Amino acid sequence: MTKKLAVVFSLLVAMVAFAGETGVRPNGKLKKVDSKTVCMVNEMAMGKDQIPVEVDGKTYYGCCAMCKESLVKN
């Protein structure tokens, strides 16, 4: 794993750890949510519209500038 990738991974883990109750986590039952409320990097429904990122004609969503950058680069 490269140093840059390790840093990004560590930051993502920290974001998830400190997200607290801002995300909607499953409690045994699945709930259908609108894709624009899901951070597609963290794979977590956030309960509100996320930042749209267009990549190759498709729209993806991220919760922060770091996720937006990750979606564009990867």
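The values are calculated or read from the model by the stated rules, or taken from the named source; none is laboratory data. Predicted model only: the values in this text are computed from it and were never measured. Heads up, the Cβs are rebuilt from the backbone with ideal geometry, glycines too, and the neighbour counts pull from every protein chain shown.
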#### Entry: Search result, residues across segment 51-67 that are in contact with a strand residue (DSSP E or B) (Cβ under 9 Å, 6 or more places away or on another chain) and not in a loop (DSSP other than H, G, I, E, B)
Ile51, Pro52, Val53, Glu54, Thr59, Tyr60, Tyr61, Gly62, Ala65, Cys67
### Task
Please find, within segment 41-61, the residue that is surrounded by the most Cβ atoms within 10 Å (Cβ to Cβ) out of those that are within 16 Å of Lys73 (Cβ to Cβ) and of a type in the set (D, E, K, R).
Glu54
#### Entry: Residue match in segment 20-40 (condition: surrounded by 10 or more Cβ atoms within 10 Å (Cβ to Cβ), β-branched (Val, Ile, Thr), modelled with pLDDT of 95 or more and under 13 Å from the mean Cα position of the chain (by Cα))
yes
#### Entry: Set Ser10, Ser70: member being polar (S, T, N, Q), part of a helix (DSSP H, G or I), surrounded by 10 or more Cβ atoms within 10 Å (Cβ to Cβ) and modelled with pLDDT under 90
Ser10
